[in-house]
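Asks: Here it is, the structure, as structure tokens.
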Amino acid sequence: MGDYDDEKPDWRELDRRRDRSTFYGRQEKGAGKKKEAPKDRWQQGRVKDALDRLFKGDKGTPEHDKLYAKLHNAYGSEAFAKQAEKYMAKYGLPEDAATLILFLDLKETGICTATLDKLLEVYPSLPPRQQEDARRKISIAAMGHRIKEVRIKAQDVLEELDS
């Protein structure tokens with residue numbers, strides 16, 4: 001019985017043998033390369049937002065965001081026309097359909113017709129819900145806008161969207 005105990009390897013020796021084994025720790029072809037750790041999604045989002053703001057130019061600044069928020073908050077009040085004038089003077093017509101739709105309620109012919117042209121330009125790139133909203137607002141302008149020229153222009157835009 002003593003001979004058997006002498007030949008029995010201790011745990012350290014078993015671990016050493018396992019480490020040298022051809023099966024233990026074997027890697028598949030190409031698996032020797034280290035995998036990249038997953039990137040922090042939050043940080044990626046921040047970088048993407050910063051790049052988007054950079055490419056927007058003046059419209060990517062915090063000042064634009066403040067003026068944009070004031071414009072939307074003033075909708076429905078007498079201050080909306082004044083905020084729209086400030087926005088147009090600094091940044092021109094907005095790029096998004098939601099704000100363009102708001103601009104159709106202004107009383108200035110030039111702004112309304114330019115807004116209709118811009119809506120016609122961005123219409124194909126809008127999601128279906130926004131396309132429906134824009135079409136509805138343009139049809140409302142075609143039926144009952146205060147200015148006759150805007151009604152005619154809105155009707156022309158609707159006909160062009162239908163074709």
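Asks: Treating the beta-carbon of each Lys and Arg as +1 and of each Asp and Glu as -1, no other charges, what is the dipole magnitude of the stretch 94-163 about its Cα centre, to the nearest 20 debye? Present the calculation step by step, with values, prior to reporting the outcome.
Replies: On the way: 10 positive and 13 negative charges, 66 e Å.
Its charge dipole is roughly 320 debye.
Asks: Mind checking the full-extension length gain between GLU13 and VAL122? Use 0.36 nm per residue of separation minus the Cα-Cα distance, one decimal, nm.
Replies: Going from the current span to full extension adds 31.9 nm.
Asks: Oh, and also: Could you calculate the FRET efficiency of GLU95 with ASP40 from 1/(1 + (r/R0)^6), where r is the beta carbon distance between them and R0 is 41 Å, rounded to 0.05?
Replies: Details: r = 30 Å, r/R0 = 0.72.
Efficiency computed from Cβ-Cβ geometry: 0.85.
Asks: ASP49: net charge of surrounding residues, Cβ under 13 Å, Lys/Arg +1, Asp/Glu -1, itself excluded?
Replies: That sum, taken over residues with Cβ under 13 Å, equals +3.
Asks: I've got another one for you. Where in the stretch 85-103 does the amide nitrogen come within less than 19 Å of the point 7 Å from the Cα of GLU149, taken along Cα to Cβ?
Replies: Counting only backbone N, you get 85, 88-89, 93, 103.
Asks: Continuing with this model, one more query. What FRET efficiency do you get for GLU160 and GLU85 if R0 is 30 Å and r is their Cβ-Cβ distance, rounded to the nearest 0.05?
Replies: 0.60
Each reported figure results from applying straightforward, stated rules to the coordinates on display, with no laboratory input. The structure presented is a predicted model; accordingly, all values stated were derived computationally and were not measured. Here Cβ is always computed from backbone atoms with ideal geometry, including for glycine, and neighbour counts include all displayed protein chains.
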